[in-house]
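Working notes, beginning with the structure itself.
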């Protein structure tokens, strides 16, 4: 279980002090699929990065599986099973997909093992085992390979920052299928930052973050009217 209590993050710039996160409280049970949505600049990505340890100098408490994460490095959090997928996954010219998956797993994986992870994210294994993670891969392919690497690492908490960014409609459709499959198998807890209706509809619960605070949480049908009434409706209709 992930338990966040009174999480606060301040920054100081030329305009003075600014609260990016304000006493955020959130519990996420194991195996749940949570989507965080809300207006741009509301604190969604900062919250996700704080869980992973990519944002420092936060106050409050972040407890995962009974252990306090604040004070831990990114590496230490990763060893506990916490993972983070960026909007734009990195590309590694000269590094093959099988090598990336082996690095993620912390051991040499067989071709059969790699095929298993790639199949789970909807990629034809024969086409990808020896591919390099470079510009020859589409944005959607790189994102699904990144998810496969999280599975290979046996990540129990997967955090995705706007996974729909920069991919075509076909890749987006396959991405949503991958999320559905992972959730159905109950392999991991997923926290996804998204503005896409098709992803939001998949969630067990939707969390609305605005102005650095959690302003509402509930099912899709509860949250969307709140966005529309507030004028902060940023949900993008999918095809």
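No lab work stands behind these numbers, since they all come straight from the coordinates. No experiment lies behind these values; they were computed from the predicted model shown. Using ideal geometry, Cβ is built from the backbone for each residue, glycine included, and neighbour counts are taken over all protein chains shown.
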Quiz prompt | Inter-label distance for residue 135 and residue 6, nm, one decimal - labels placed 7 Å from Cα along Cα-to-Cβ | solution = 5.1 nm
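Hey, could you get me the Stokes-Einstein D for the stretch 94-215, Kirkwood radius over alpha-carbon pairs, 20 °C and 1.002 mPa s, rounded to whole µm² s⁻¹? If you can, show how the numbers build up before the last one.
Numbers: Rh = 15.2 Å.
Using the Kirkwood radius from Cα pairs, D works out to 141 µm²/s.
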Quiz item: Which distance in Å, rounded to a whole number, links the C-alpha centroids of the stretch 57-88 and the stretch 111-150?
Solution: 26 Å
Practice problem: Treat each spin label as a single point 7 Å out from the Cα along the C-beta direction, and report the residue 13 to residue 184 distance in nm. | Solution: 4.4 nm
Self-check item: Label point distance in nm, residue 125-residue 113, each placed 7 Å from Cα along Cα→Cβ
Solution: 1.3 nm
Quiz item: Working out 0.36 nm times the residue gap between residue 75 and residue 222, then minus their Cα-Cα distance, what length gain in nm do you get to one decimal?
Solution: 49.2 nm
Quiz item: Nearest 10 degrees, 0 to 90: what angle lies between the long axis of helix 169-185 and the longest principal axis of the chain (Cα atoms)?
Solution: 80 degrees
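May I ask you to derive the relative contact order of the chain, considering only C-alpha pairs under 8 Å and at least 6 residues apart, and to give it as an integer percent?
Working: 454 pairs, mean separation 63.9, N = 239.
About 27 percent, as a whole number.
Could you compute the FRET efficiency for residue 197 and residue 87, with r as their C-beta to C-beta distance and R0 at 25 Å, rounded to 0.05? Don't skip to the answer; put the middle values down first.
Working: r = 18 Å, r/R0 = 0.73.
It comes out at approximately 0.85.
Per-residue ellipticity at 222 nm for the chain, helices alone: DSSP H runs ≥ 4 residues times -39500 (n - 2.57), over residue total, nearest 500 deg cm²/dmol?
One gets -10000 deg cm²/dmol as the mean residue ellipticity at 222 nm.
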